[in-house]
Amino acid sequence: MSAFVINGGRRISGSLRVQGSKNSVLPILAATFLVCGKSIIHNCPTLSDTNSTIRILKNLGCSVIREGSTVIIDSSTAQGYEIPDDLMREMRSSVVFLGAIIGRMKKAVISSPGGCEIGLRPIDLHLYSMRQLGVNVNEDYGKLVCDVPKKLEGNRITFSFPSVGATENAILASVTANGTTVIVNAAREPEIIDLCNFLNKCGAKISGAGESVITVEGVETLKPCEHSVICDRIVTATYLIAGAVTGGDVSLENTNPVHLQAVLPLLEEAGCNVSVRCKTIRLKAPLRLNRIDKIITQPYPGFPTDAQAPFTALACVAKGTGVIVENIFESRFKHIPELIRMGASIKTEGRVAVVEGVERLYGAEVVSPDLRGGAALVLAGLTAMGTTVVNNTKFIDRGYEDLENNLCMLNADIKRRG
Ligand code: EPZ
């Protein structure tokens, strides 16, 4: 099992260009399957999740070439409509291929993606949106067999929860449907806007992206285009917290501060000086952080659930007690027992964690439970006294490009072992 070995106590300082967004590039790569021709996607981070997505595209018959952070996908002759179980299981968000495959092939066979480390993660809203568009969905022992008896027909889709993935699937399946689709209670995340910007560049007719009601007017075909993916707002938050917990001074470039409107004020509440100039966010941290009174995760534009674990690490070393409420996923506190091994003082009850800040954390051997929980343990290791070993880097590699080298460039003492 690969691990990060961190010698804590160094101030994280310097400047870094932040990677492209994992949660934006995954649906956009899936969307290239809808386009007949060669799509060019820039600012695509090198992650295990993007590698898995590229494997799925190749399995569907696309040719895919990566040149640095640019990925060129040619789906001209692609005819696939099945994703084998092993590829589906590599990554939860493989389910977002459903809408793209059905949109192009009018049929799809995928295995249900299954839960992730952070919760059951059902796909009922995804399947509801497919059925609303005229798709027959048969669930058969872990396999989803979908087909469209006639044509995909535009319809009204009203989500009981603004699910990001289900919104993406509804958009992907409706862009070439017959007629107009109205998606009500749609997710408003920046990644939805980026997906719609890409599709509109390809000739789709989508309006309302970023709002709760998205209207999709079906078009006959989509033409290839070139697109640059937005910056990763959660990775940005993670590096800012690395500066915050070590009394550091970090400048992050190529960011979009607007996407962190619910995050930056909390860093200021913790006593950090946060300044924004164009696409650069600079954070200067105090020697000891103030407590953050409450962190409550919500759908965008509320506080992002993906930043909850990194902020929990920050709360562990702040002055005073803070409350964290995780409203989005039912099992997203698995990093907490690991933080307690490092000396953190945290009590949890259901979806609520009460964190009493301590003067110092201490290095320990810990295990990354999931992607953002693993990032939280790395952050804790950066500020802890002594050496921390964060095992199971495979989860962290899903979402953070070149984490150890980037942190070394910011003065951290971190190495990958195994
Ligand atoms: C996306 O996951 C992100 N992943 C997640 O980021 C992120 O945490 C999440 O949105 C919320 O912002 C990608 O974009 C690849 P949801 P997704 O559907 O689409 C329930 C990370 O760390 N739900 O908005 O799976 C679900 O169980 C990852 O980068 C249903 O009940 O999230 C959860 O409680 C983790 N039925 C809530 O909605 C459904 O059909 C939010 O899920 C779908 C979802």
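The values are calculated or read from the model by the stated rules, or taken from the named source; none is laboratory data. All figures in this text were calculated on a predicted structure; none of them were measured in a lab. Methodologically, a virtual Cβ is constructed for each residue, glycine included, from the backbone with ideal geometry; neighbour enumeration extends over all protein chains shown.
A few notes on this one:
- Of the strands (runs of 3 or more DSSP E) that lie entirely inside segment 245-291, those containing 2 or more residues that are surrounded by fewer than 23 Cβ atoms within 10 Å (Cβ to Cβ) and not charged (D, E, K, R) span 273-277.
- Inter-residue pairs, beta-carbon under 8 Å, first in contact (Cβ under 8 Å) with a residue 24 or more places away in the chain and in the same structural domain as I123 (by TED's automatic domain parsing) and in segment 159-180, second part of a loop (DSSP other than H, G, I, E, B) and acidic (D, E), 6+ apart: V164/E189; T176/E220
- Segment 340-376, residues that are within 19 Å of G399 (Cβ to Cβ) and touching a strand residue (DSSP E or B) at 6+ places or on another chain (Cβ under 8 Å): V366, V367, S368, D370, G374
- Failed criterion for P113 (all others in (1) touching a Leu at 6+ places or on another chain (Cβ under 6 Å); (2) in a loop (DSSP other than H, G, I, E, B) hold): (1)
- Restricting segment 89-137 to residues that are among the polar types (S, T, N, Q) and more than 9 Å from the ligand (Cβ to nearest atom) leaves a set whose member that is nearest to the chain's Cα centre (by Cα) is S94.
- Flag for I54 being touching a residue at least 12 places away in the same chain (Cβ under 8 Å) and either part of a loop (DSSP other than H, G, I, E, B) or surrounded by fewer than 20 Cβ atoms within 10 Å (Cβ to Cβ) (or both): yes
- Restricting segment 321-344 to residues that are away from the ligand (no atom under 16 Å from the Cβ) and without any contact (Cβ under 8 Å) to a residue 24 or more places away in the chain leaves a set whose member that is surrounded by the most Cβ atoms within 10 Å (Cβ to Cβ) is I340.
- Residue check for G350: in contact with a helix residue (DSSP H, G or I) (Cβ under 9 Å, 6 or more places away or on another chain) and not assigned by TED's automatic domain parsing to the domain that holds E117: no
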